[in-house]
Structure formats: structure tokens, C-alpha cells
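Worksheet for the structure shown next.
The values are calculated or read from the model by the stated rules, or taken from the named source; none is laboratory data. Bear in mind that the values here come from a model prediction, so they are computed numbers and not experimental data. As a convention, Cβ positions derive from the backbone with ideal geometry for all residues, glycine included, and neighbour counts pool all protein chains shown. Just the protein is used for accessible areas: all its heavy atoms, side chains included, with ligands, DNA and RNA removed. Shrake-Rupley method; radii C 1.70, N 1.55, O 1.52, S 1.80 Å.
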Amino acid sequence: MLTIIALVVFALVALLVFAVGSFLDQRSAQARMLRDRLASVQKAEQQTSEELALLRDEMMSKIPALDSLLRRSERMANFQVFLEQADLKVRAGNILILCVVSAAVLGVVGYLVAGSLPPNQSLLFVMVGVVVGAVLPYSYASYRRTKRFQRFEELFPNAIDTLARAVRAGHAFTTALELIANEISEPIASEFRKLFEEQKFGLPVRDALMNLAARMPLVDVKFFVTAVMLQRETGGNLAEILDNLSYVIRERFKIMRQVRVYTAQGRLTMMLLMGLPPIIVVVMLTTNPMFIRPLFADPIGHTLVVGGIVLQTIGYFVIRKIIQIQV
């Protein structure tokens, strides 16, 4: 136990020293960033044949050492895009630091909860706390991303209808994008505002549409981008194409709602199977602790607990695979 406490204290002190050193070096890092940007702008002015590009803030962290380390990883770049899709105004490096701090804090909480239990059981509590703390920030970001995607899908048909009406009224396609950014609520407004600003500052419409599909990797957005690019290349009535696309998306939502009704029993079964065992354990610990204590005190009970958790996890993923029907 003393070894575990020493490791936790060492990790916290190391993080504190690292944060203080990074704070002292922050100004020099910002100065280096400004010099790099000025150099890139001057280089772009000298090479007139190159296309204009928007300078974007691609820092992974305000801590220079951590930023230079994370820039080498393609997974961290994808994780930064993941955070942007969740509309979280934080950097990937900050989330990693938050995961480490959360894991350390919950590890200490697990040690305190274990109390006077044997060392092997105390270590189990600590490991569970560390794992939960490390996953918690990522789980929150994933939840925010899913909810934002769902909200986008709900409002997307209205955005397409607005775009079709604007085109039918005589507005240019690029002007109609600005109307959507001003008329439709979030997250539609921010995404279409980025689309409008990218093509306004010189990016080809095709590339701007591809960026929209990359930011919002949804089936409906891919349909929209494909339809608009085909219309711009081959011609046709854009308003009619958008009306048909909006109708198809709404019909797909109707089918998805019907699927949710048909799979309601499966979802209820999954919730009962996942929630019933811990509820029974808590009730037994409250009403008759001597009856259930061998499950946690006897080595055979430890094996049964681990086996039950493994089977519960397998059952969760199996039922989830059954009730998830792609439409």
C-alpha cells in the first residue's frame, strides 16, 4: 500500500512540476507560433502560383513540450477532430492531462473506500478507480458528440428545405448557405457558417463540401454533398434535387422511429440485465450483509464476481448488436 501511495504522490508532484515549467515557457511558445505563422504567410506571398489557404490553430496543447510530442501522432490529430465534432473548446492535450488527473483522483478515492481490506482487494479498488477516471473525460466527449450529431440530423431536413427555397427564389448557392447559417439553430448554423466562410475565402466549393462531410461524418450529409457536387458538375434543377433529398431523409427518420419501437423490448431487456445484479448486491449488503459477505471475502467468490462481470459485459455487447439496426 505504501508503494501505491508513493506512486500516486510521485505522479501528482510530477504533473505539478511539469505544469509550472510549461506555464513559464508558454510566452516563448506563443512567440514561436507567431514567427512560424509570419514565415508561412511570407512564403505564401512569394509563391503566387500556390492556392490561398486559411491558417488554422492546430495546437494540440498550450504546453510546448506536450504539443510537439502530440503533433507526431496521427491518432491525436484524429482525437482533436473528435473534440471539435463534440463542440468542446478544449485541446487534445488538455483532455489527456484531465484523464491522468481524474485517474489519479479516483485511484485515491478507491484506496480510501477500500479501507482496511486485504492488499489484493485494495489494489482492485484502486485499479477500478484509475480505469474509470481515465475513461470518464473521453466518455463525456463521446456523449456530447453523439448528442450533437443527433441534433444535427434532426435539423438537417429543415436546412435542406431552406436551401431549396432560397435557390428557387433566385439566390446563388453560396448565398443560400449564409441564409442557413443565419436562420437555422445550432449545430446547423455553425457548420454551414464554416462552409460559407471557407468558400468565401477562396476554397473551392467542392473542397468546402468535402470538409463539411469530414466534420460531420453522417450518412445524410454524405448524400447532400454528393448530390450538390453532381449537380454542379452535370447540371440539373438543384431545388428539385434538394426537395427529393429532404423527403428521403424524413422518410428514413420515420423508419428509424419504427425500428426503435420494434426494438424497445430488447433495450428494456438490456437495461434490466445490466442493472439488476448491482441492485441486488446493494440490497443484500443493506438488508443481510452476512449472507453476501462470502462473495467478497472468499477466493471462490472473487472468481464468481469476475466471471459475472465478464458475462454481463459480453451480454451487453451481444444485445446491443442485436438491437442496433442500420437504416
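A few notes on this one:
- Where the range 181-327 is the region considered: accessible area per residue in Å², 1.4 Å probe: 66
- Residue 239/residue 190 FRET efficiency (R0 25 Å; Cβ-Cβ; nearest 0.05): 0.50
- Estimated FRET transfer efficiency (residue 147, residue 318; beta-carbon r; R0 25 Å; 0.05): 0.50
- Solvent-accessible area, 1.4 Å probe, carbon plus sulfur percent, for the range 229-327: 70
- A crude spin-label estimate for the pair residue 207 and residue 173, with each label 7 Å from Cα along the Cβ direction, gives 1.7 nm.
- Anisotropy class of the range 79-232 from Cα gyration tensor, a/c 1.5 cut: prolate
- Computed from the C-beta positions of residue 264 and residue 68, the FRET efficiency with R₀ = 56 Å rounds to 0.65.
- Relative to the current alpha-carbon distance between residue 200 and residue 128, full extension at 0.36 nm per residue lengthens the span by 20.9 nm.
- Within the shell defined by Cβ-Cβ distances under 14 Å, the residues around residue 183 carry a net charge of -2, with Lys and Arg each +1 and Asp and Glu each -1.
- Remark: the range 127-206 carries a charge dipole of roughly 140 debye about the Cα centre, counting +1 on each Lys and Arg Cβ and -1 on each Asp and Glu Cβ.
- Surface composition of the range 109-215: carbon plus sulfur atoms contribute 61% of the solvent-accessible area (1.4 Å probe, protein chains only, all chains present).
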